[in-house]
Structures are given as structure tokens and as C-alpha cells.
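Derivation of every value follows stated rules applied to the coordinates shown; laboratory data play no part. This is a predicted model, so every value here is computed, not measured. Note that each Cβ is placed from the backbone with ideal geometry, even for glycine, and that neighbours are counted across all protein chains shown.
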Amino acid sequence: MARIRCDFFSEALGMGTSMTVLLPDPAGAGIGMAGGAPAGDPPVLYLLHGLTDDDTAWTRRTSIERYVAPLGLAVVMPNAGRSFYTDEAHGNRYWEFLSEELPRVCRSFFRLSDRREDTFVAGLSMGGYGALKWALRHPERFAAAASLSGALDVANRRDHPTNPLNPAVWHTVFGDRPVPPEDDTIALLEAAGADLPALYLGCGTEDHLREDNERFLAVARRRGVPVEARWSPGAHDWDYWDAAIRDVLAWLPLR
């Protein structure tokens with residue numbers, strides 16, 4: 001794999017930002033590494049970080065590069081701060097950056113497939129929320145979307161009795177208003193049409209966000225939306241996510 005830390009200017013954010021990108025290496029694999037590269041433009045996984053991380057977290061804290069090497073899969077990991085991948089009430093336009101600017105910039109910098117069947121999104125915690133929000137708002141773009149330990153009921157996090165969202169983060173992202181329907185993954189699921197990408201939920205049984213995931217799954221089942229749900233022992237930590245991302249990669253409908 002080629003690993004690239006890319007610093008670039010974002011028009012949506014009005015400032016420089018960064019992303020970490022893994023690209024299939026057509027030269028083959030080194031000792032102890034499998035390798036693979038498709039004949040054409042590779043499929044791409046947008047992989048989103050959590051609230052306290054940045055675009056380097058997945059490569060520093062898991063073996064994601066080794067896991068994707070034999071798959072011929074490109075991985076794009078953008079930096080989104082503490083934005084909840086949202087156009088912030090008192091900040092920057094991170095939703096516009098993620099959903100519109102980032103794919104366009106990536107395809108201008110790198111050879112990546114733009115076909116729906118070759119495009120996937122996943123993330124952990126805040127990134128799990130971002131991944132499913134992106135897939136539910138733009139289902140025509142993705143073949144599959146996965147959330148690990150996702151904050152999937154963010155609308156109820158401000159006043160949650162045991163695990164509220166940090167008030168400063170809430171004020172920056174959502175201001176003094178309730179979460180609007182377009183940023184509420186439960187509301188998006190309630191309103192979703194029939195042609196959705198494949199959806200995956202993974203969460204540790206000791207994770208404090210398990211109830212969010214269970215509520216999302218209950219709504220999906222009530223509405224007849226197929227979801228692959230996997231609960232396994234684990235907490236809200238990298239031991240769980242390093243193992244769970246391998247399950248996600250095995251589940252992706254790669255051609």
C-alpha cells in the first residue's frame with residue numbers, strides 16, 4: 001500500500017486541512033505483506049474518525065493498512081475535528097466539506113472509482129454517526145455503510161442522564177436549537193426510501209453507546225430496513241475497533 005498524508009486547502013472550510021489516504025500498490029507486496037491492486041480505478045472506503053481523533057487515528061491505532069492491502073481497496077480518512085460531520089452552527093461547513101468537496105478533491109488527486117458499487121463509508125463513534133448520516137442522505141452514492149460504536153441517537157445526547165454530549169461541543173455544532181432532521185440519523189432512517197445501501201452496525205456489549213445502536217436497529221426493523229448487526233464483547237476503545245474493522249472489511253460487497 002502507498003500511504004499519503006495529504007495537506008490541502010478546503011474551499012468549504014476556508015482553511016487548510018488534511019487527510020490520510022491508503023492506495024493499492026500495483027508493484028506488489030513486501031515481505032510479510034499481502035498485496036493487490038485492481039486493473040482499473042480502485043474502489044474506495046471513506047473511513048471516519050471519532051470525536052477526540054484526527055485523520056491519522058485509524059493508521060496509528062489499528063492495522064488498517066495491512067487489513068486492506070490484499071483487497072485492492074483505497075481508504076480515505078479525512079480530518080473533521082469535533083464537528084459531527086455537520087455544518088456547524090458556530091463553526092465550519094464540515095458537512096459540505098465531507099459530502100461534496102472531499103470526494104471531488106480525492107478524485108482530482110488520485111485514481112479512484114466513482115461508481116456507486118465501488119464506494120463505501122464507515123466510521124467509529126462520531127464517525128459511525130457521520131458514516132450512516134452520509135449514506136442515508138445520499139444513498140445513491142454508496143454500496144454499503146458501516147457504523148462501529150456509533151453515536152446514532154445524537155438528538156438525545158444533550159440531556160442524556162448518564163452520558164450527555166459535551167456542552168461546548170453541542171453549542172459549537174448545533175447551537176441552541178434541537179438537532180435538525182437532516183442531522184438526526186434516527187429521523188433520516190424513519191424517512192428513508194427503499195433503495196438504501198447495505199447497512200452494518202457493530203457495537204461492544206460494554207459500550208456506553210450500545211443503547212443508541214439498539215434504538216437505531218429497532219427503528220430499522222420496524223421499518224423493514226435490512227441491517228447487519230453484530231454485538232460482541234468490548235468497550236468504547238481501540239481493542240474493539242481494531243478487531244471490528246476486520247469484520248466490516250470482510251462484509252463489504254467488494255467486486
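May I ask for the angle, rounded to the nearest 10°, between helix 126-137 and the longest principal axis of the chain, with both axes built from Cα atoms and the value confined to 0 to 90°? Value to nearest ten degrees: 90. Here the dipole of the chain is about 440 debye; that uses its Cα centre as origin and unit charges on the Cβ of Lys and Arg (positive) and Asp and Glu (negative).
Can you tell me how region 95-181 classifies by the Cα gyration tensor, rounded, prolate or oblate, using a/c under 1.5 as the rounded cut? Can you show the working numbers first?
Working: a/c = 2.69, a/b = 2.00, b/c = 1.34.
Prolate is the answer for region 95-181, as a/c is 1.5 or above and a/b outweighs b/c.
Could you tell me which residue out of 13, 180, 241 lies farthest along the dipole of region 2-251 toward its positive end? Charges go on the beta carbon: Lys and Arg +1, Asp and Glu -1, centred on the Cα centre. Checking the options against the dipole of region 2-251, the answer is 241. Taking label positions 7 Å along the Cα-Cβ direction at both residue 41 and residue 66, the computed distance is 3.2 nm, reported to one decimal. With both bridge residues required to lie in the chain, what share of the DSSP beta bridges run antiparallel, to the nearest 5%? Expressed as a percentage, antiparallel bridges in the chain total about 35.
Here each label is just a point 7 Å from Cα along the line to Cβ, and for residue 182 and residue 155 those points are 1.6 nm apart. Note down the net charge around residue 174, summing +1 for each Lys or Arg and -1 for each Asp or Glu among other residues with Cβ under 11 Å from its Cβ. Net charge in that neighbourhood comes out at -2.
At a Förster distance of 35 Å, what's the computed FRET efficiency of residue 116 paired with residue 34, Cβ-Cβ distance as r, to 0.05? FRET efficiency, residue 116 to residue 34: 0.85. Counting only Cβ charges, +1 for Lys and Arg and -1 for Asp and Glu, the dipole size of region 106-159 around its Cα centre is about 160 debye. Ranking 229, 163, 251 by how far each Cα lies toward the positive end of the dipole of region 107-255 (charges on Cβ) leaves 251 at the top. Near residue 41: Cβ cut-off under 10 Å, other residues only, Lys/Arg at +1 and Asp/Glu at -1. The net charge is +1. With a cut-off of 15 Å between beta carbons, the residues surrounding residue 114 carry a summed charge of +1, where Lys and Arg count +1 and Asp and Glu -1. Once the Cα atoms of helix 210-223 and of the chain are each reduced to a long axis, what angle between those two axes, in degrees from 0 to 90 to the nearest 10, is obtained? Taking Cα atoms only, the helix is inclined about 90 degrees.
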